[in-house]
Amino acid sequence: NRHGGSRYNALNLNSEKTIEVRLFATPMNYKEFASRLQFVQALVDYCSPAQSSLALKKQTHYEAFMGWLSSRRRMFPELSYHLKEFV
């Protein structure tokens, strides 16, 4: 709902040039900041372009994302450490 939604939603789409992600509390240290930034970058990388020929429902399930992330641990070290029991 670009230009019509609240700017305080989890994704603020009110600007034509940016997307603001409002999912996280203020980080307490660099590792928290880096893992959150890497999470957003991983989502962007995963979603653009579509990563596989799987059905959209399977691609958008968290297990598909976690599998993709697991093969890219070196690209997202803080995020992988934060999610170590899942990745």
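Can you find a residue that is closer than 21 Å to Glu85 by Cβ, part of a helix (DSSP H, G or I) and either in contact with a strand residue (DSSP E or B) (Cβ under 8 Å, 6 or more places away or on another chain) or without any contact (Cβ under 8 Å) to a residue 60 or more places away in the chain (or both) anywhere in the stretch 19-28?
No, there is no match, as no residue in the stretch 19-28 is closer than 21 Å to Glu85 by Cβ, part of a helix (DSSP H, G or I) and either in contact with a strand residue (DSSP E or B) (Cβ under 8 Å, 6 or more places away or on another chain) or without any contact (Cβ under 8 Å) to a residue 60 or more places away in the chain (or both).
Sort out which residues of the stretch 57-87 are aromatic (Phe, Trp, Tyr), under 18 Å from Glu32 (Cα atoms) and open to solvent by 100 Å² or more (accessible area, probe 1.4 Å), and write them in order of number.
Of everything in the stretch 57-87, those that are aromatic (Phe, Trp, Tyr), under 18 Å from Glu32 (Cα atoms) and open to solvent by 100 Å² or more (accessible area, probe 1.4 Å) turn out to be Tyr81, Phe86.
Kindly indicate the residue of the stretch 44-87 that is under 20 Å from Tyr30 (Cβ atoms) and among the aromatic types (Phe, Trp, Tyr) and also modelled with the lowest pLDDT among those meeting that condition.
My answer is Tyr81.
The values are calculated or read from the model by the stated rules, or taken from the named source; none is laboratory data. Predicted, not measured: the structure shown is a model, and the values here were computed from it. Ideal geometry is used to build each Cβ from the backbone, glycine not excepted, and the neighbour counts take in all protein chains shown. When the accessible area is computed, the model is the full protein with side chains, heavy atoms only, and any ligands, DNA or RNA have been set aside. Shrake-Rupley method; radii C 1.70, N 1.55, O 1.52, S 1.80 Å.
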